[in-house]
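Let me begin by presenting the structure, written as structure tokens, before commenting on it.
Readers should treat all values here as calculations from the given coordinates under stated rules, not as data from a laboratory. The shown structure was predicted, so the numbers you read here are calculated from the model rather than taken from an experiment. Cβ placement follows ideal geometry from the backbone for every residue including glycine, while neighbour counts extend to all protein chains displayed.
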Amino acid sequence: MTAIPDTSTASVFIAPPTRSRVRRWLADTRTIIGLGFLAVVLLIVAFGPLLAPHSITEFLAPPFSPPSAEFLLGTDYMGQDVLSRTLNGGWTVVWMSATSATLGVAVGAVLGMLAGYSRGFLDEVIMRLSDVALALPTMVLTLLFVAMLGRSLPLIVLLIGLAHAPSVARVVRGVTVDVAGREFVESAQAIGAGRLRILLRQILPNVTGPIMVEYGLRTVWSVVAIASLSVIGQGVAPPQADWGLMVNENRVGITVQPWGVIAPLLLIAMFAVAMNLLAEGVDRALQVGREGGNQ
Amino acid sequence: MTTTNEIVSVRGLSVEVASGRRIVNDVSLGIAPGKILGLVGQSGSGKTTVAMSLLGYARHGAHVVEGSISVAGHDVREMSQAALRELRGSTVSYVPQDPRASLNPALRIREQIGEVLEFGASRLARPARLEEVRLSLEEVGLPTDDEFLGRFPHQLSGGQLQRVGIAAAIAGRPDVIVLDEPTTGLDVKTQRRILDLVRHLCTRYDIAGLYVTHDLAAIAQIADDILVLNYGRVVEHGPISRVFRAPAEEYTERLLAASPDIAVPGGGTTSPGPEERARGLVAHNITGGYRRNLVLHDVSFEVAPGECLALVGESGSGKSTLSRAAIGLHHDYTGRFSWRGDALSARASRRSTQQVRELQYIFQSPYNALNPRATVRESIAFAQRVTRARDKKGSENSIDAALLEVGLDPSIGDQLPNRLSGGERQRVAIARALITQPDLLICDEVTSALDVLVQAEIIELLRKLRREQKLAMLFVTHDLALVRSFADRVIVLEGGSVVEAGTTEQVLGAPQHPYTRSLVANTLSIHEALNSRDGAAPGAVQLGSVASAAASAG
């Protein structure tokens, strides 16, 4: 029991008004850490190619040479410079995973909210279709399409994004069903508010938590999926540098020359952690005031 | 108050939470065997904290910093966890507020009650245990056959569950029993029976009872002494008849004044003519429910402009379904509603903007009725935008005006609902309805989730709106006492049918239908309780009726 004086007319508020949700998002240490990580990754993606000391395709030294003054991070399985390849290899994985995660979460959230709020026939159709989609092996399907339509990165982004949608829809539907039964949603229905309006103004702000968590997760999964496709030669093709590809190429030499794996892996991890922190920060900023939330 | 044979004695009790804030401050109380002390206070007054201290329990983060707690000769503060476990159930037992939540849904009734006798000082072997379980059930007026003993909690009604809770509490033959609002959420008949039962058991077995509640009428009915708490401090402490008749403190007086009493006349006596009624909200032969399960049978009523019609019934009577149908949230019915002579569509989304503006709905729970992620201003602006209710002065002005109208400072507009108290939230919900400048408000149990004083404030606000804005109201409630002081006319629903209708004074003053009569008779009244106390010898509540009443309880 907490003593909340019910003075009703003259309340004293200690908390700042909720005017600036963005400011509150930025005031969170975790958001700052996330932004910092993301900045490092993006700076490398943007300026790395300019800073690279060597060519990324030349065989400069014996494979798996340890770090030296000339090759700060050593060489990889083909004797190429790990540092240069790392500085060059971020662009594809970053844009592809961010785009496919955004696409998948957006489509999944819309379908999930629609199903959870409408219930009945629409709910059944959306959820049964998503069951079917979940039952199909993503990778095999992606390969099938790539084989049919030709290797194209935007196609891969689209396929991976859509593969995320059913499970996101499932999660979002669950929360939506709960929120949709609460009285403030009924109160909007009682004044004749339309479905779209209720979904956007009443439901969406209350399901951002799971959506944001999904967004963070889906980014990571996208990185994995894209890297896996690269390995089997369907994503980024070998002489090109790519973090996902590098991890797989240099795996075999991890005991001799770990930097070929560690450097790209570290950046992938930083990217993933940054996306998670930022996404969860958005949710915390929206629910400020709730116990255990932001100060 | 302070007698030598007290079995419970608390002196100078203070409890602090981790932040150092005192939630209980210098509270002293004593209870003699066979007597019941009523502990009254609003939410946050510390009443549960005081009650739980008798069991040597403090909620997480709170701890007793000062004072002594003595129960049946044990110094509770000095006892080890093991000794406390022995104490609980055998010496002090506890009846929680919500039996549905406190009974283990996977245990049969036999095990629920028998558990108390498995451990602690009152432990018994299995056959003896079963015998004791049967005795306890008999004591609370429940069946004792094997079929009943083998049931699970979900197979029992709310009243029966609370009886099981009480049976479990008395099974260990405790000296002291702590009851935390055990009748909240039960309908009036069941509430009265539970109160009589507790009174009877305490007297019969010389059990000292501590009865925690916010309901003064329940206290007047059951307790010998009363202790009023506010913000963790004792406001007043004394015998019921003295404190209720001549409260020494202003706070107690306010509590008493805020408690509506069914025995006090004050409702409407006149009824508008048929033409007048047809110009308001009319329900024509509503029959409906949920798929094949009909909960409304041919219900008709009218609310004339400016009039307040109370829709009264117990839980399950269909009153919420009816009011939801009227506002267009429930569609599964035949018959129709009309407003100002025009038919209303069954769905709110198909009604004209003007109809939506003119009819507004206030929900029961102020905690659920506001979007937790929207500020107060955003919530009201949403209603304003959807209903296109803009006045010439612009939206900001009228939102401020609506907030002022319900007695809130406009600066509250930038807050999220979780920063507001229950009363403030309910005011915001009312402001959100007022923004459309309605002619009729449908109020669905709007005060039932609020404390007595806050409830009185909200009722006062609704009165003011009726007076100043000539608002008509469909006032849905189970609280007859509130109806008596507030409504012009009443219709009584039982099992989805109207059993009685008329002016408030006709229906509540001289009820005709047996169902209405039993509702009125079972509604607790401070006045009646005090009067019957004067008639009977102290402590001797009519026990004869208890056994038979208990036996027929559902």
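What would the Debye equation give as log₁₀ I(q)/I(0) for the protein assembly as shown at q = 0.10 Å⁻¹, counting only Cα atoms as equal point scatterers? For the protein assembly as shown at q = 0.10 Å⁻¹, log10 I(q)/I(0) is -1.15. Which of rounded, prolate or oblate describes the stretch B:143-202 when judged by the alpha-carbon gyration tensor and an a/c cut-off of 1.5? Oblate, since a/c reaches 1.5 and b/c is not below a/b.
Derived scalar couplings between HN and Hα for the stretch B:220-236 equal 4, 6, 10, 8, 8, 10, 10, 10, 9, 10, 8, 6, x, 10, 6, 8, 8 Hz in order, rounded to whole Hz, by the Karplus curve 6.51 cos²θ - 1.76 cosθ + 1.60 (θ = phi - 60°), x for Gly and Pro. Per residue of A:209-218, other chain Cβ atoms within 10 Å of the residue Cβ number 0 on average. Can you tell me how chain A classifies by the Cα gyration tensor, rounded, prolate or oblate, using a/c under 1.5 as the rounded cut? Note, shape of chain A comes out oblate. Based on alpha-carbon centroids, what's the gap between the stretch A:160-223 and the stretch B:100-141 in Å, whole number please? Each part reduced to its Cα centre gives a spacing of 46 Å. The orientation-averaged projection of the convex hull spanning the C-alpha atoms of the stretch B:180-268 amounts to 7.0 square nanometres.
Applied to the stretch B:309-314, the Karplus parametrisation 6.51 cos²θ - 1.76 cosθ + 1.60 on θ = phi - 60° returns per-residue 3J(HN,Hα) values of 9, 8, 10, 10, x, 7 Hz, with x for Gly and Pro. Among B:371-382, B:501-512, sorting by the average number of other beta carbon atoms lying within 10 angstrom of each residue, highest first, gives B:371-382, B:501-512. Hull volume per residue, based on the alpha-carbon atoms of the stretch B:27-160 and their convex hull, is 148 Å³.
Just to confirm a number: summing +1 for Lys and Arg and -1 for Asp and Glu over residues other than B:G150 whose beta-carbon lies under 12 angstrom from that of B:G150, what do you get? In short, -1.
Note the per residue figure in Å³ for the convex hull of the C-alpha positions in the stretch B:280-333.
Output value, Cα hull per residue: 72 Å³.
Here the stretch A:74-153 and the stretch B:429-457 have alpha carbon centers that stand 49 Å from each other. Dimensions of chain B from C-alpha coordinates, computed as largest minus smallest value along each principal axis and given longest first, are 72, 52, 46 Å. In this Cβ point-charge picture (+1 for Lys and Arg, -1 for Asp and Glu), the protein assembly as shown has a dipole of about 1740 debye about its Cα centre. Pick from A:M139, A:M275, A:M96: which is most flexible by mean-square fluctuation in a GNM of chain A where alpha carbon atoms under 10 Å apart are linked? Judging by the Gaussian network model, the answer is A:M139.
With the helix formula -39500 (n - 2.57) applied to DSSP H stretches of n ≥ 4, chain A reaches a computed 222 nm mean residue ellipticity of -22000 deg cm²/dmol.
The C-alpha atoms of chain A define a longest principal axis, and helix A:120-135 lies at about 20 degrees to it. Dipole of the stretch B:139-258 computed with +1 at Lys/Arg Cβ and -1 at Asp/Glu Cβ about the Cα centre; of B:L161, B:G185, B:L256, farthest Cα towards the positive end is B:L256.
For the stretch B:91-156, taking Cα atoms only, Rg and Dmax work out to 11.7, 31 Å respectively. Can you give me the Cα centroid spacing of the stretch B:182-203 and the stretch B:30-86 in angstrom? Each part reduced to its Cα centre gives a spacing of 23 Å. Select from B:G313, A:L199, B:S68 the residue farthest towards the positive end of the dipole of the protein assembly as shown; place +1 on Cβ of Lys and Arg, -1 on Cβ of Asp and Glu, and compute about the Cα centre. Checking the options against the dipole of the protein assembly as shown, the answer is A:L199. So how tilted is helix A:204-231 from the main axis of chain A? Cα-based, degrees 0 to 90, rounded to 10. That works out to roughly 20 degrees. With neighbour counts taken as other beta-carbon atoms within 10 Å, the residues B:Y94, A:Y77, B:Y290 rank, fewest first, as B:Y290, A:Y77, B:Y94. For the stretch B:236-346, the dipole from Cβ point charges (+1 on Lys and Arg, -1 on Asp and Glu) about the Cα centre works out to 420 debye, to the nearest 20.
By definition, a body whose alpha carbon gyration tensor gives a ≥ b ≥ c is oblate when a/c is 1.5 or more and a/b is not larger than b/c, and the stretch A:235-283 fits this oblate description.
In degrees from 0 to 90, rounded to the nearest 10, what is the angle of the helix A:259-286 Cα long axis to the longest principal axis of chain A? Tilt of helix A:259-286: around 10 degrees. Charging the Cβ of each Asp and Glu at -1 and of each Lys and Arg at +1, and nothing else, the dipole of the stretch A:43-179 about its Cα centre rounds to 380 debye.
For B:K319, a cut-off of 12 angstrom between C-alpha atoms picks up these aspartates and glutamates, skipping any fewer than 8 places away in its own chain: B:D444, B:E445, B:E494.
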